[in-house]
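Report on one structure; see the data block that follows.
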Ligand code: G1P
């Protein structure tokens, strides 16, 4: 018997674990991602995946399971101690860099499991089953950066209030719905919470149940695992998390059913394609006062020059 299969109502089992799928091939960034995981691409001076782990920790999820695959060793190294480097920095008395190097290894209790075959996000999440057991858990997708843990905290609160699973939803332009999992929704008594009645992975705009798109944050009831096991390949021939969650919308609450959505109106950064990645890097760079001061005059001049067609 798992230690959490006690007599408590399921929603009172606290969420303490985060699952971070990081097995994707990163083909949109080739050749940069030929030997480097896309999750390790820097946003200024920190790899993208570190922001995601920091967000989980800020929402009090200190146990992080990363779903990795081939050529992802550097992710494990990044969250591990680097003794040689630390000794060298210590010898130089470079306290600031030493702190930055230690930060990632002290962040969370990291665990890793390999996906083996790239069979989709749903399959990646299924790989977390042995680690997660009968507990609810969060899923954070690395392509989405959300620079505050408020959303995830609110989602955990909603899970604790209603049970079931919770997805983060953001309103997107109609022509963008085909890039996301899209939700049919009904209001609840709370402004920022909806009941999810339907979910479609990457629908054609005319078939989308709404313009509310799933962004890469989920809190899943463990009832998702048996459903994922039975979920056939969907969009793109992959096992989709969206399809398994849609199935859960049809389950009774006592069977781990019901899916709620938390409506997110804050800022989300997409690092999944080149243009959005560059936008994210620039935005994050401008938050650093020392970099902003150096970059702003250059950027003004650059925009003037390129805007008037000069090379
Ligand atoms: C995944 C999910 C999709 C979700 C999106 C959020 O798609 O399958 O439902 O809306 O993440 O970023 P991906 O972008 O990995 O193709």
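Is it the case that some residue within segment 255-268 is touching a strand residue (DSSP E or B) at 6+ places or on another chain (Cβ under 6 Å), at pLDDT below 95 and under 30 Å from residue 119 (Cβ atoms)?
Yes, some residue in segment 255-268 is touching a strand residue (DSSP E or B) at 6+ places or on another chain (Cβ under 6 Å), at pLDDT below 95 and under 30 Å from residue 119 (Cβ atoms).
Considering only segment 46-159, give the helices (runs of 4 or more DSSP H) lying wholly within it that have at least 3 residues that are within 16 Å of the ligand (Cβ to nearest atom), more than 23 Å from residue 284 (Cα to Cα) and within 16 Å of the chain's Cα centre (by Cα). Step through it out loud before you land on a result.
Numbers: elements: 48-58, 73-78, 83-92, 95-106, 121-126, 129-132.
Counting at least 3 such residues, we get 121-126.
Name the pairs whose Cβ atoms lie under 9 Å apart, with the first residue in segment 143-155 and closer than 18 Å to residue 191 by Cβ, the second at pLDDT below 95 and part of a helix (DSSP H, G or I), and 6 or more positions between them or separate chains?
none
Looking only at segment 198-207, filter to residues that are within 12 Å of the ligand (Cβ to nearest atom) and without any contact (Cβ under 8 Å) to a residue 40 or more places away in the chain; which one of those is nearest to the chain's Cα centre (by Cα)?
Selected residue: 202.
Does residue 220 satisfy being over 22 Å from residue 135 (Cα atoms) and surrounded by 21 or more Cβ atoms within 10 Å (Cβ to Cβ)?
Considered against the rule, which asks whether it is over 22 Å from residue 135 (Cα atoms) and surrounded by 21 or more Cβ atoms within 10 Å (Cβ to Cβ), residue 220 comes out as no.
If you go through segment 180-193 one residue at a time, do you hit one that is more than 15 Å from residue 242 (Cβ to Cβ), within 15 Å of the ligand (Cβ to nearest atom) and surrounded by fewer than 23 Cβ atoms within 10 Å (Cβ to Cβ)?
No: zero hits.
Please tell me if residue 169 is modelled with pLDDT of 95 or more, crowded, with 23+ Cβ neighbours inside 10 Å and more than 13 Å from the ligand (Cβ to nearest atom).
In short, no.
The values are calculated or read from the model by the stated rules, or taken from the named source; none is laboratory data. Nothing here was measured: the structure is a model prediction, and the numbers come from that model. Neighbour counts run over all protein chains shown; Cβ positions are idealised from the backbone, glycine included.
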